[in-house]
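A short write-up of the structure that comes next.
The values are calculated or read from the model by the stated rules, or taken from the named source; none is laboratory data. All figures in this text were calculated on a predicted structure; none of them were measured in a lab. For neighbour counting, all protein chains shown are included, and Cβ atoms are generated from backbone atoms with ideal geometry for every residue, glycine included. Protein only, heavy atoms only, side chains kept; ligands, DNA and RNA dropped before computing areas. Shrake-Rupley method; radii C 1.70, N 1.55, O 1.52, S 1.80 Å.
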Amino acid sequence: MWTEEQWAAIEPKDVSSVVVAAPGSGKTTVMTEHMAQVIATGRTPAQRILAMTFTRQAAEHMRQKLRRHERLRPVAVESCVMGTFHAVFFRALLEADWEVRPVLSQRDQYALMREAVVDVLGERRAVTMYELQSYLTMYSWTVGRQAWDELGDKEKRIFETFVRKKQASNYWDHDDILLASLQLLRSKTVPKIRLCEMSYILVDEFQDTNELQWELLTSLVQRNGAFAFVVGDDDQSIYAFRGASPVYLQRAVEVLPKARQKLLTMNFRSDRRILHHAAQLIQHVKSRVDKPLRGVHDAEGICRAYEVQHRTAQWDVLARVVRRSVLRPYSVAILARTRNQLATAWTAMRSLLGAEWSLAARNVEFRTFHDSKGKEWDVVALLDMAVPYRAMTDSDDERRLLYVAMTRARHELYAFVPRVIQGTQCHIHPYLLEAGLRACPVSPKDIMEAFEIG
Ligand SMILES: Nc1ncnc2c1ncn2[C@@H]1O[C@H](COP(=O)(O)OP(=O)(O)OP(=O)(O)O)[C@@H](O)[C@H]1O
């Protein structure tokens, strides 16, 4: 069942491993199997194994898979420590009797940042949500990157005020959990916590690591004399705005004890045309680990960009895609850049599909491009893949984001290109052109025939 390159990564050895892998090449599957093998062979006792992920769902998914593994006893699986960075370190702080604080709700975070902006800038005018969001994103980037020196004077004063207000309110935000944990790990006396007994540490989606998480991992590895096993794909690094960077994949090879880099290049997910176009797009990213993207399936699949006159026409065509897919039955993802776009799509689908919607809804998911990471569906539809003339800047982050969205599709990928969005004339998203896709005009009437040809 395993390919040679997968088995080379799975087989337990007394080294650290940095697995750099293409989308759909089984990163998560391989990491879970590796962990199972480490436990089953008794190379490391289960209670000394720590696995960290970036979402709760991913951690739960991994635990479920291990619970079903034929070689593992339930007690062994439950003995491992598994969870998100934040959950794992929050528990460690509680165990160490650290003075932890409740975490601020998103609403309170906005309110404190608003107060900080008004205090520093002395502005009477209302601070917009957009401004607050930008400040909070920049704050999170600064903490994640540990890059206070890179701030301008104004931002520095706003963020210092924000931190003071947070302290006065006796609340934390999520980053404070990691900052306190770093202090804990760097304290001179060895804290009496389970985390300091971990001798094998695994991290999934390692391309999403920021400086703070990197510091936590390396502090733990050094303090415990542990080996690490990290998996990631530099091409799927889409959280730069939180300070994440694919450079830590390279650094891991240089810094982790006895580290070996392994590549996974066979894609088990997508049909050929989808991979062909995704591979063309990612070639345009300037700095990346060069790895082939090879598929295992013979099926051609469908990968098309459809030009529609406006968004109403987009919904008509999308409704047909959904109806046809659900009948087969295929799972469908409707992906867009923002939640607002998805809300509009949801309303349109419900109204166009009428009574059929209750059946269709079970097989259809609406997600942002960011939220689609780590998932897969038979059919993927990308909405509003058009931009106003001269509106595009050159951004590798955006290329990677589109690459993530495209590589979620197993058999069919449709990108919709409305010529007019909210009254503005648009043209095809330039990154679809980089992917080698041309928008072909389509009307709702001929869409069914067009699909049959595919
Ligand atoms: N050796 C294999 N044989 C058959 N199917 C496999 C094999 N390895 C992985 N797969 C399947 O390939 C698909 C992709 O696996 P997985 O989600 O682990 O990849 P990934 O690299 O984490 O993907 P991504 O980074 O794109 O989210 C899954 O459906 C998985 O079951």
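A few comments on the model shown:
- Accessible area per residue (1.4 Å probe, heavy atoms of protein chains only) ranks Glu150, Glu365 as Glu150, Glu365, with the largest value leading.
- When peptides 126-138, 168-180 are sorted by average Cβ neighbour count within 10 Å, with the highest value leading, the order is 168-180, 126-138.
- Taking the 1.4 Å solvent-accessible surface of the stretch 28-121 as the whole, the part contributed by carbon and sulfur is 47%.
- Extension gain for Ala299-Thr137 works out to 54.1 nm (0.36 nm per residue, less the C-alpha to C-alpha distance).
- Carbon and sulfur %, accessible surface of the stretch 354-400 computed with the full protein complex present, 1.4 Å: 47
- The distance from the alpha carbon centre of the stretch 195-250 to that of the stretch 56-88 is 18 Å, rounded to a whole number.
- For the chain, the square roots a ≥ b ≥ c of the C-alpha gyration tensor eigenvalues yield an a/c of 1.5 or more together with a/b not exceeding b/c, which makes the shape oblate.
- Qualifying trypsin sites (Lys or Arg not before Pro) for the stretch 254-336 [loop in DSSP, other Cβ within 10 Å: at most 11]: Lys258, Lys286
- In plain terms, the chain from Arg438 to Ala40 could stretch by 138.2 nm, reckoned as 0.36 nm per residue minus the Cα-Cα distance.
- Over the stretch 195-256, accessible surface divided per residue gives 26 Å², non-protein components excluded, 1.4 Å probe.
- The chymotrypsin sites (Phe, Trp or Tyr not before Pro) found in the stretch 312-400 that occupy coil by DSSP, while having at most 11 further C-beta atoms within 10 Å, are Tyr389.
- Only protein heavy atoms count here; on that basis, with a 1.4 Å probe, Lys154 has an accessible area of about 80 Å².
- Cα shape, the stretch 14-93, gyration tensor, a/c 1.5 rule: rounded
- The residues packed around Leu112, meaning those with a beta-carbon under 11 Å from its beta-carbon, carry a net charge of +1 if Lys and Arg are +1 and Asp and Glu are -1.
- Dipole magnitude of the stretch 112-260 about its Cα centre (Cβ charges: Lys, Arg +1; Asp, Glu -1), debye to nearest 20: 620
- Tensor-based shape of the stretch 156-253 (alpha-carbon gyration tensor, a/c under 1.5 rounded, otherwise prolate or oblate): oblate
- Computed over the chain, the per-residue total of -39500 (n - 2.57) for DSSP H runs of n ≥ 4 gives a 222 nm mean residue ellipticity of -14000 deg cm²/dmol, rounded to 500.
- Computed about the Cα centre, the dipole magnitude for the chain is approximately 600 debye when only Lys and Arg (+1) and Asp and Glu (-1) carry charge, each at its Cβ.
- Close Lys pairs in the stretch 143-283 (alpha-carbon distance under 20 Å; sequence gap of 8 or more, or different chains): 4.
- Measuring nothing but how far apart in sequence close Cα pairs (under 8 Å, 6+ apart) lie, relative to its length, the stretch 257-409 scores a relative contact order of 29 percent.
- Between the stretch 93-129 and the stretch 155-188, the C-alpha centres lie 11 angstrom from each other.
- For the stretch 44-166: Kirkwood Rh in Å [reciprocal of mean 1/r, alpha carbons]: 17.6
- Computed over protein heavy atoms with a 1.4 angstrom probe, the accessible surface ordering of Lys156, Lys291, largest first, is Lys156, Lys291.
- Within the accessible area of the stretch 145-235 (1.4 Å probe), percent carbon and sulfur: 45
- With 0.36 nm allotted per residue and the present C-alpha distance subtracted, the Glu115-Asp14 stretch has 31.2 nm of extension available.
- Straight Cα distances below 20 angstrom link Lys373 to the lysines Lys27, Lys65, Lys291, with same-chain residues fewer than 8 positions distant left out.
- Accessible area per residue, Å², the stretch 124-192 with all protein chains present, probe 1.4 Å: 60
- Summing Lys and Arg as +1 and Asp and Glu as -1 over all other residues whose Cβ lies under 14 Å from the Cβ of His69 gives a net charge of +3.
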